[in-house]
Amino acid sequence: MDTLPTLVLGNVTLQAGRVVDITLAGGRVAHAGAGQGTTEYINCSGYLVVPAAIDMHVHMRGGTQSAKEDWKSGSMSALAGGVTVVVDQPNTLPSIDTPQRLGDRVCDAQVNSLCHFAINSSVTAKTPLEEMWQAGAMAFGETFFAPSSYGDVIGDAHLSLAMDRIHAVDGLLTIHAEEVSKTPPDTGLLSHDQVRSPEGEFLAVKAVQRLNKRGCRLHFCHLSTKRSIDAASGSVEVTPHHLFLSLEDFENTDAFGKVNPPLRNEKERKQLFSRWDRIDIIASDHAPHTRAEKTGDFSRAPSGIPGVETMMPLLLARVIEGKISLQSVIEKTSYKPAEVLGIPRAGFSVGDRADFAIYPKIPGPITTEMLHSKCDWTPFEGHMSLFPTTVIMGGKIVYQDGEFFTPEPHWFSGKGLIKNTGTTWP
Ligand code: DOR
């Protein structure tokens, strides 16, 4: 990468209120102060300049599931929503459970993704965990302690063993903690909330922690209740759909609201939001399914909600409303995921990764037409949002006013491969 300045972001307002020019060079922040010479200059006066998000929980699909999403459409969604790094989950068909499949997945993303990416390893009784780590898996999971739309469930004994092995390589286990009961029949959103109950999620969190005998690093995916959050001792992830949607927003048999863990009632949603300060990471669990799949019989419809493109816009609209602070959103969507995963952080300091999104300060309603996911629907239609006008990745403009420019996406591998190859970034 060249080290001459590629871009100056002029008149950027920092948290402390200081206004600076940020000079970008070699994919990093080179200087914060008065702008240094370059032909490319963006005047950011009147805009929010935000370190771009890392969405550490997306399902980019592809292969036989390309009608739902693929790397190209999923990464376009990410960039247009202010996300420059996505962490892909391994419950693809077939799942990412051998070094060969991990390698193939990386190749697919290297050719087709517009944004930076990392790929996780699946965790089953048969996965060669140490080999996956050496091959560059970013983390292990989402690990299915309960079944979901796709992905193999792991039993208690195997999970306990897997945690020991992941601990031994100093890896991170990400866990989908739920319990699924056989009754009542899963025929609508209300029964879905009972079959995969708040109590079941809480018990699963406790059980996973009991099985973690040696202290493997744990990350709890998409917790949906305050009680589960309070019980969790690892890092805690919450999704925008659990923060902003509740059962009351849907007809009972509307499968567009079907997701695991389920949407809860409005009271539970508000309690979840009340734990904002404890939530480490907001991630979308972007899980696109086609309209046709979601329109059929409720009990047969797959679970999952798309969200990589709407995550930052929804959060930043709340910032403008004064409900949450901009700093807390940056922490939960950019700094903390970088820290948990070991990815160089994007930010305003010299040496930080030069990935930013620039947002106007006037919120507007979300419409499906403005989004890029192949699935072509959103449960957030009409919700207020701020979408970025410009997104910068590696110090260069990769998205502006609806247009995408040639990006240079990077594969962020896990520490297992970095240790072997000495590869750092950039
Ligand atoms: O609702 C969900 N759908 N939850 C998950 O954990 C997986 C996801 C999917 O892959 O569709």
Just the accessible area for ARG28, please: 1.4 Å probe, Å², rounded to the nearest 10?
70 Å²
The range 287-405, accessible surface, carbon-and-sulfur percent (1.4 angstrom probe):
52 percent
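Rolling a 1.4 angstrom probe over the protein heavy atoms, how many square angstrom per residue are accessible across the range 279-350? Spell out each step's value before the answer.
Working: 2240 Å² over 72 residues.
Per-residue value: 31 Å².
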Can you pick out the pairs among LYS68/LYS419; LYS258/LYS323; LYS226/LYS419; LYS213/LYS258 whose Cα atoms lie more than 30 Å from each other?
LYS68/LYS419; LYS226/LYS419; LYS213/LYS258
The chain: Rg/Rh from Cα coordinates, Kirkwood Rh?
0.95
With a 1.4 Å probe and every protein chain left in place, work out the accessible area per residue of the range 1-145 in Å², rounded to a whole number.
34 Å²
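Order ARG105, ARG210, ARG18, ARG165, most accessible first, counting only protein heavy atoms with a 1.4 angstrom probe.
Largest accessible area first, the list is ARG210, ARG18, ARG165, ARG105.
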Where in the chain are the DSSP H helices whose alpha-carbon span along the long axis reaches 15 Å or more and whose Kyte-Doolittle mean is at least -0.5?
156-168, 198-211, 311-321
So, with +1 on the Cβ of K and R and -1 on the Cβ of D and E, and no other charges, what is the size of the charge dipole of the range 131-230 about its Cα centre, to the nearest 20 debye?
300 debye
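Dividing the alpha-carbon radius of gyration of the range 111-189 by 2.2 N^0.38 Å (N being the number of residues), what value is obtained?
Working it through for the range 111-189, the quotient is 1.29.
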What residue among ALA317, ALA168, ALA346 has the largest mean-square fluctuation in a Gaussian network model of the chain, using Cα springs under 10 Å?
ALA168
The chain, dipole about Cα centre (Lys/Arg Cβ +1, Asp/Glu Cβ -1), debye to the nearest 20:
880 debye
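Heavy atoms only, probe 1.4 angstrom, no DNA, RNA or ligands counted: give me ASP104, ASP280 ranked by accessible area, highest first.
ASP104, ASP280
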Okay, helix-only estimate at 222 nm for the chain: each DSSP H run of n ≥ 4 adds -39500 (n - 2.57), divide by all residues, round to 500 deg cm²/dmol; what do you get?
-7500 deg cm²/dmol
By the gyration tensor of its Cα atoms, with a ≥ b ≥ c the square roots of the eigenvalues, what is the shape of the range 161-286: rounded for a/c under 1.5, prolate for a/b over b/c, or oblate?
prolate
Checking rank on 332-339, 151-158, with mean other Cβ inside 10 Å and highest first, the result is 332-339, 151-158
Carbon plus sulfur, as percent of the 1.4 Å-probe accessible area of the range 43-126, comes to 54 percent
For the range 53-212, with the dipole built from +1 on Lys and Arg beta-carbon atoms and -1 on Asp and Glu ones, taken about the Cα centre, which of ASN112, SER160, SER149 lies farthest toward the positive end?
ASN112
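The values are calculated or read from the model by the stated rules, or taken from the named source; none is laboratory data. From a predicted model like this one, the values you see are computed outputs, not experimental measurements. Every residue, glycine among them, receives a Cβ derived from its backbone with ideal geometry; neighbour counts consider all protein chains shown. Heavy atoms of the whole protein, side chains included, go into the accessibility calculation; ligands, DNA and RNA do not. Shrake-Rupley method; radii C 1.70, N 1.55, O 1.52, S 1.80 Å.
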